[in-house]
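Worksheet: the structure to be examined is printed underneath.
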Amino acid sequence: MLIVNANVEEIIELDNQIYLLKIFSPEIAGSIKPGQFVNLRVSESTYPLLRRPFSVCDVEGDFFYIMFNVLGEGTKTLAHKHHGEALDILGPLGNGFNLEGDFETAVLVAGGLGSAPFPYFIRKINGSKKILSFVGGRTFREVITYGMNNILTATDDGSLGFKGNVVELLNENIEILKSNKIKIFGCGPTPMLRALSEFSIKNNFECDISTESAMACGFGICQGCPVESAKDKDKFLLVCKDGPVFNVKDIVL
Ligand SMILES: Cc1cc2nc3c(=O)[nH]c(=O)nc-3n(C[C@H](O)[C@H](O)[C@H](O)COP(=O)(O)OP(=O)(O)OC[C@H]3O[C@@H](n4cnc5c(N)ncnc54)[C@H](O)[C@@H]3O)c2cc1C
Ligand code: FES
């Protein structure tokens, strides 16, 4: 894990008030894996006090990107960054996705901002596996397909693609999934991950999910990000250190 003082290269506003922050950091860009995250101090002042965690969205040369929308003070501050501003960053953090394994198609399942880690995932897979992406949101405004491939979409209100949630869309395509050697990789809100876990276990699909939790330290010291272990009911795992990526059979959401 590194603590780096990195510079903002550019902030890019995509559709739907989604931002990409491009950051110059050869150290982090050269060492981070898909599914890992960084913990950013968003301002040089003491407010907001806590760092904010973000998945690495993509890496290009010495630059890496994060993708976010404005929720509160931290992301509002980030959205107003300019070229050359310094950012204090802790990373790479967490375990990341395991891209190895005996599967031919990576089935990516994203809800809302859950698509954030997948552009880098796809870049790293680099054609060695097929990609099939299922991307969902409540309305078309929340369907974020940036950097993704071979996409099927779902919206709760039917304003884009399949009418229903993204796990229901997977179920609609169950025959395609069963006829391929797949592994599912999911990222999104907890209710979606819970439904995806149930779907994967029921159908015997290998599935890893990237989970979220409120965080402080980001590297296992404060014990502030527990998730219940499925294997040992008295034990808690830490999202920041043991995750954020877990096999669906290893945790109780
Ligand atoms: C491992 C990890 C990776 C993440 N990757 C990304 C990413 O790639 N892109 C991204 O946009 N966000 C990501 N997040 C979530 C991001 O950290 C929060 O959105 C951010 O901290 C919000 O900061 P804020 O100061 O703007 O909002 P706050 O003022 O902290 O919160 C504003 C509102 O948003 C709610 N909120 C805060 N965090 C979350 C959350 N995680 N999920 C749902 N609601 C939340 C709060 O409850 C509150 O109502 C990730 C979180 C984790 C743990
Ligand atoms: S955020 Fe401190 S232990 Fe996970």
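Restricting to region 30-54, give me the number of residues that are under 16 Å from I11 (Cα atoms), hydroxyl-bearing (S, T, Y) and out of contact with any helix residue (DSSP H, G or I) (no Cβ under 8 Å at 6 or more places or on another chain). Total satisfying the criteria: 0.
When we screen P26, P53 for residues that are out of contact with any Leu (no Cβ under 7 Å at 6 or more places or on another chain), within 16 Å of ligand 2 (Cβ to nearest atom) and not hydrophobic (A, V, I, L, M, F, W, C), the only hit is P53.
Please find, among D58, D62, the residue that is within 23 Å of T145 (Cβ to Cβ) and of a type in the set (D, E).
Working: D62 fails: within 23 Å of T145 (Cβ to Cβ).
Of D58, D62, the one residue that is within 23 Å of T145 (Cβ to Cβ) and of a type in the set (D, E) is D58.
Please verify whether V248 is among the hydrophobic types (A, V, I, L, M, F, W, C), closer than 18 Å to F118 by Cβ and outside the structural domain of G127 (by TED's automatic domain parsing), treating the condition exactly as stated. Talk me through it step by step, then tell me what you get.
Working: among the hydrophobic types (A, V, I, L, M, F, W, C): yes; closer than 18 Å to F118 by Cβ: yes; outside the structural domain of G127 (by TED's automatic domain parsing): yes.
Yes: the conditions hold for V248.
Condition check: within 16 Å of ligand 2 (Cβ to nearest atom) and not charged (D, E, K, R). Does C187 satisfy that? Against the criterion (within 16 Å of ligand 2 (Cβ to nearest atom) and not charged (D, E, K, R)), C187 does not qualify. Among N203, N180, which is the only one that is under 27 Å from I131 (Cα atoms), modelled with pLDDT of 95 or more, surrounded by fewer than 17 Cβ atoms within 10 Å (Cβ to Cβ) and touching a Lys or Arg at 6+ places or on another chain (Cβ under 9 Å)? None of the other options fit; the residue is N203.
Out of the residues in region 23-76 that are near ligand 1 (Cβ under 10 Å from one of its atoms) and of a type in the set (S, T, Y), state the one that is farthest from P189 (Cα to Cα).
Our first condition is that a residue be near ligand 1 (Cβ under 10 Å from one of its atoms); within region 23-76, this holds for 35-40, 42, 48, 50-57, 65-76.
Of the ones still in play, those that are also of a type in the set (S, T, Y) are 55, 65, 75.
Numbers: S55: 14, Y65: 21, T75: 18 Å.
Here the residue is Y65.
So, E212, is that one buried (at least 19 other Cβ atoms within 10 Å of the Cβ) and either out of contact with any strand residue (DSSP E or B) (no Cβ under 6 Å at 6 or more places or on another chain) or at pLDDT below 95 (or both) or not? Yes: the conditions hold for E212. Among the residues in region 62-78, are any surrounded by 15 or more Cβ atoms within 10 Å (Cβ to Cβ), within 16 Å of ligand 2 (Cβ to nearest atom) and either part of a strand (DSSP E or B) or not assigned by TED's automatic domain parsing to the domain that holds L193 (or both)? Yes, the conditions are met somewhere in region 62-78. Which of the residues that make up region 213-241 are under 24 Å from E100 (Cβ atoms) and within 12 Å of ligand 1 (Cβ to nearest atom)? Answer for region 213-241, where residues must be under 24 Å from E100 (Cβ atoms) and within 12 Å of ligand 1 (Cβ to nearest atom): V227, L238, V239, C240, K241.
The values are calculated or read from the model by the stated rules, or taken from the named source; none is laboratory data. Because the structure is a prediction, the values reported are computed rather than measured. A quick note on method: Cβ atoms are made from the backbone with ideal geometry, for glycine too, and the neighbour counts reach across all protein chains shown.
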